[in-house]
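Notes follow the structure.
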Amino acid sequence: MLHCLNGSSCMRLIQGNKSTLYFLCLVLGYILYLVFGAVIFSSVELPNEDLLRQELREVKQQFLQDNACLSDERLEEFLAKALEASNYGVSVLNNVSTNWNWDFTSSLFFASTVLSTTGYGHTVPLSDGGKAFCIIYSVVGIPFTLLFLTAVVQRIMVFSTRRPVAYIHRRWGLSKSLVGAVHATVLAIVTASCFFLIPAIVFSVLEEEWNFLESFYFCFISLSTIGLGDYVPGEAYNQRFRQLYKLAITLYLILGLVAMLVVLETFCELQQLKKLRKMFYVQRQKSEDQLSIVDHDHLSFSSVSDQAATMKEDKTELFLDSGVIASPIVPTDGSVIK
């Protein structure tokens with residue numbers, strides 16, 4: 001009996017804290033996913049890093065042998081200065097010295113990457129005034145960008161998702177959840193084609209040193225706002241129409257980010273994902289006024305039921321104590337008394 005009571009109590013405890021248990025499983029799954037990514041990246045990239053380090057050491061030693069008049073210390077100083085300048089987007093190579101990082105179109109491209117939180121990192125402010133302005137500009141601009149993107153996506157969603165789904169649902173009488181799932185899948189395929197596959201082909205043609213995989217990699221890293229900065233278009237030597245090219249890339253990033261947000265919002269409105277999200281959310285608590293009203297009603301109904309049951313039991317005990325049988329008694333006049 002005690003074991004049964006303990007089991008039922010445990011079941012009630014689990015049911016009452018189901019959302020918390022799901023959330024803990026979600027946290028554990030996310031940590032395991034991070035560890036899994038770290039293991040894979042380390043196993044794949046560490047050998048390549050080691051190989052690159054060996055190649056650099058061999059090139060450095062060969063350079064010092066070919067130039068005996070140059071000491072190792074002088075070479076280290078030069079390389080440190082060159083790497084420091086490269087971190088600020090300034091290269092010592094002759095074939096890229098003609099590209100300016102802070103002309104108008106390049107600055108416009110930098111501003112768009114800052115406000116969209118992409119942040120390639122290939123170009124950074126050099127002066128203290130530029131760094132201070134970047135902080136102030138971002139503090140105001142990032143919330144402003146979120147507001148702008150939210151307003152744009154909300155208006156696009158009306159015409160791209162809500163109205164088409166509602167029309168098909170009314171026209172053919174199909175399930176709204178099914179129509180929404182099919183529509184989201186089609187929209188994702190169209191968006192991937194227009195903002196990933198086709199631009200990747202274009203970049204692989206315009207950027208001589210990029211293949212299709214590297215171009216697709218750039219599109220994904222940019223539109224997902226990861227922005228690693230290892231691939232930045234328009235930085236090649238003697239890039240034709242570089243100003244116009246940078247402006248076109250800026251427009252591509254803004255439009256692509258809007259398209260990505262529309263797709264994500266479309267998937268978030270699916271009933272299946274709404275149910276999945278609710279599994280990990282904290283249940284909303286009713287207000288105190290609603291709770292007091294519900295409790296008062298519950299107490300009123302329960303008290304009436306308890307009073308009726310008590311009166312019935314008292315009547316039964318009264319009949320039994322007086323020796324009267326609780327069955328119909330037929331008098332001589334033929335009427336029935338209960």
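Worth pointing out:
- Only one entry of Ile201, Ile136 meets the criterion of being modelled with pLDDT of 95 or more and within 20 Å of Leu247 (Cα to Cα), and that entry is Ile201.
- Hits in segment 136-148 - residues which are under 20 Å from the mean Cα position of the chain (by Cα) and buried (at least 16 other Cβ atoms within 10 Å of the Cβ): Thr145
- The residues listed here are Glu73, Glu84, Glu55; of these, the one that is outside the structural domain of Tyr231 (by TED's automatic domain parsing), acidic (Asp, Glu), at pLDDT 85 or above and loosely packed, with under 11 Cβ neighbours inside 10 Å is Glu55.
- Residue within segment 205-222 that is closer than 18 Å to Leu108 by Cα and among the aliphatic types (A, V, I, L, M) present: no
- Annotation note: of Leu108, Leu115, the sole residue that is of a type outside the set (Ser, Thr, Tyr), in contact (Cβ under 8 Å) with a residue 40 or more places away in the chain and closer than 22 Å to Thr225 by Cβ is Leu108.
- For segment 119-158, the set of residues classified as among the β-branched types (Val, Ile, Thr) and outside any helix (DSSP H, G or I) consists of Thr123, Val124, listed by residue number.
- One residue from Ala248, Ala192, Ala236, Ala166 being of a type in the set (A, V, I, L, M), under 16 Å from Phe267 (Cα atoms) and modelled with pLDDT under 95: Ala166
- If only residues of segment 236-259 that are among the hydroxyl-bearing types (Ser, Thr, Tyr) and farther than 15 Å from Ser116 by Cβ are counted, the one that is surrounded by the most Cβ atoms within 10 Å (Cβ to Cβ) is Tyr245.
The values are calculated or read from the model by the stated rules, or taken from the named source; none is laboratory data. These figures come from a predicted structure and were not determined experimentally. Using ideal geometry, Cβ is built from the backbone for each residue, glycine included, and neighbour counts are taken over all protein chains shown.
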